[in-house]
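Below is one structure, written out as structure tokens; the observations come after it.
The values are calculated or read from the model by the stated rules, or taken from the named source; none is laboratory data. Note that the structure is predicted; figures quoted are calculated from it, not measured. Don't worry about glycine lacking a Cβ; one is built from the backbone with ideal geometry, like all the others, and counts go over all protein chains shown.
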Amino acid sequence: PLLCMSTAQGPEVGGARFGCSLGRPSPRASSARASPSLPVQRGQIFRGSPLLCMKRRAMDKAEGSQGVLPMVALVTGAARGIGRAIAERFASEGWRVAACDASAFRLPGSDEGVLCRRCDVSDEAAVRDFVQAAAEEFGGVHCVVNNAAISDPYLGCELEELDLEAWNRVLAVNLTGPMLLVKHALPHLRAAGSQASVVNIASTRARMSEPRSEAYAASKGGLCSLTHAMSVSLAASRIRANVVLPGWIATEEQREAEPPTSQDEAFHPCGRVGMSSDVAEMVLFLADPSRSGFVTGQEFVVDGGVTRKMVYPE
């Protein structure tokens with residue numbers, strides 16, 4: 001089996017991660033409290049693929065009959081949920097995938113084309129080492145997907161009770177982390193030219209909020225603004241930057257633990273709650289220069305139409 005790493009610093013925060021990706025906190029996320037950070041060690045690389053869907057023929061397709069090197073994507077927060085779906089989707093299209101996460105988990109299977117590394121994205125030295133390892137393994141970087149995040153571990157706590165250390169930790173992972181990944185990947189992205197792109201994963205919490213979610217909402221709103229700035233700053237190098245705002249996305253883990261109800265499904269104009277694959281498809285589209293080469297600096301809401309729905313009190 002392949003050892004990879006999960007997104008958050010501790011099981012409680014990791015459990016809350018998909019709660020906030022849904023666009024509303026789950027009861028489990030609301031009651032979560034931060035745990036002490038797990039030690040993050042640099043220099044530990046695990047090669048092989050956790051992606052059971054990746055086939056050799058897809059890799060051959062990406063390389064092409066002329067031996068053209070395949071595209072390379074960095075995906076953070078790739079252990080579960082949205083991040084895992086993104087990594088799997090890229091690999092199924094023949095991309096080489098360098099995935100990073102923070103806490104350990106195992107996936108069966110082994111194959112070429114995937115590198116997993118333990119990395120706290122708020123640690124600049126760890127980020128630099130991760131990017132360097134990916135570039136050395138695959139020969140370059142074409143796309144950075146910033147998905148790693150922790151949700152506000154104090155959902156349900158009043159603003160005057162919000163711990164500054166917790167606030168800083170959320171912003172360090174959710175906002176500073178994406179900046180660091182792009183910063184250290186830039187030489188490789190510039191070398192890729194018009195083939196290069198950045199796709200950040202924010203949230204509809206950047207546009208609409210619930211009480212007592214200040215840190216998470218602020219980090220996701222900041223990530224949208226960071227993306228806008230990157231799109232113009234990197235334009236001279238022909239590097240595109242876009243941001244995806246997932247709404248209520250019920251990951252596989254959450255569907256098993258607490259399946260959406262028929263009322264939940266009906267609330268969405270599209271008639272169902274979102275899936276991780278919905279976000280993954282959008283990310284792949286934005287990463288592919290042949291399909292989205294004229295798209296940069298944009299926000300893409302993937303929420304089944306909820307943010308466009310007027311809601312009246314009953």
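What to note about this one:
- Filtered residues of region 186-237 (kept if among the β-branched types (Val, Ile, Thr) and either surrounded by 15 or more Cβ atoms within 10 Å (Cβ to Cβ) or touching a Phe, Trp or Tyr at 6+ places or on another chain (Cβ under 9 Å) (or both)): VAL198, VAL199, ILE201, THR204, THR227
- The residue that is farthest from the chain's Cα centre (by Cα), counting only those in region 74-103 that are surrounded by fewer than 24 Cβ atoms within 10 Å (Cβ to Cβ) and closer than 16 Å to ILE150 by Cα, is SER103.
- Number of the condition not met by GLY140 [criteria: (1) on the phi < 0 side of the Ramachandran plot; (2) assigned to a loop (DSSP other than H, G, I, E, B)]: (1)
- Only residues that are at pLDDT below 95 and within 19 Å of the chain's Cα centre (by Cα) were counted in region 120-157, giving 4.
- Those helices (runs of 4 or more DSSP H) of region 196-303 in which 2 or more residues are over 22 Å from ARG89 (Cβ atoms) and of a type in the set (A, V, I, L, M) occupy 214-233.
- Residues in region 116-132 that are farther than 14 Å from VAL75 by Cβ and either among the small types (Gly, Ala, Ser) or assigned to a helix (DSSP H, G or I) (or both): SER122, GLU124, ALA125, ALA126, ARG128, ASP129, GLN132.
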